Amino acid sequence: MLYFCIPTYNEAPTIGLLLWRLRKVFQEQPREYEVLVYDDGSTDATVETLEPYHKVMPLTVLGGARVGYAAAVDALCREASRRTRYPRRDAVILLQADFTDQPEHLPELVKRFDGGADIVVAERPADSSSVPAQVRSLRRLAPWVVRPFVRVAGVRDLFATLRLFRVSVIRDLIKEHGESPLLAGEGWSANADLLLRAAPHARRVETVELAPRYDVRERPSRIRPWSDAMTLLRFARGARGRGARVHA
């Protein structure tokens, strides 16, 4: 079973297109899947946009209150872990609701998983003219503020949004943390934190370069390069204090 876990906040213009494309891709793939969406207190038409998809695909919508990105991802991971019957054979795939992560890329992650990888990170290309200016700026800043403190061996892009985790890795993480959060921070720092915490529980971590799309997303980028870079610096210093330098 594949659990597609999608944290969502005010993504009505794209969440329907994402689910439609995901459904189309996996009509051609011999895999069972469930879609778990966490509505993080959306104030637009996100919930109404999701409603018709309950009839055409295995969709569950969680949440409703505003909890933030990290808590939404935490809830999705725990729900997938709770549902699975075969944690060694099932996977959690995290992707964004704004359509920057492409459903057509998912079979490549699944192929790596079937080949034995416990974590698969879809790394973004180092440079692309289609990337919004705010994202390009943070990409340049992020490695400089984070690398002195934390890293996962073999992973260049700690902040990538599209990732696959074997459910047994998520279960080990839940066992380790209990009721405490599985990840902390917001945005890119939360993505890095989950990877840093999960990697020690994985026997094999693989990466694949896959370019996100920004031309379909209708809203402006939520990235604020300098303030987000400072958030990453605080995260990295704290991660070093937790002994989070990881070699996968």
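Read-outs throughout are calculated quantities, based only on the coordinates presented, and are distinct from any laboratory measurement. Computed from a prediction, not measured in an experiment: that's the story for all the values here. Cβ sites come from the backbone with ideal geometry, for glycine too, and all protein chains shown count toward neighbours.
Using a 10 Å cut-off around each Cβ, can you sort Phe159, Phe235, Phe149 from fewest to most neighbouring Cβ atoms?
Fewest-to-most ranking of Phe159, Phe235, Phe149: Phe149, Phe159, Phe235.
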Tell me which of Ala80, Gly64, Pro125 sits at the most positive position along the dipole axis of region 1-126, charges placed on C-beta atoms (Lys, Arg +1; Asp, Glu -1). Ala80
Charge context of Pro103, other residues only, Cβ under 10 angstrom, K/R +1, D/E -1: +1
Each residue of region 53-64 in order: what ³J(HN,Hα) in whole Hz does its phi give by Karplus 6.51 cos²θ - 1.76 cosθ + 1.60, θ = phi - 60°, with x for Gly and Pro? 6, 4, 7, 10, 7, x, 10, 10, 9, 9, x, x
Compute the Rg to Rh ratio over region 1-115 from the alpha carbon atoms, using the Kirkwood formula for Rh, and round to two decimal places. 0.94
Theoretical gain in end-to-end length, Arg31 to Arg66 [0.36 nm per residue, Cα-Cα removed]: 9.4 nm
Around Pro58, under 9 Å between beta carbons, what's the net of Lys plus Arg minus Asp minus Glu among the other residues? -2
For region 13-72, just the Cα set please: Rg and Dmax, both in angstrom. 12.3, 36
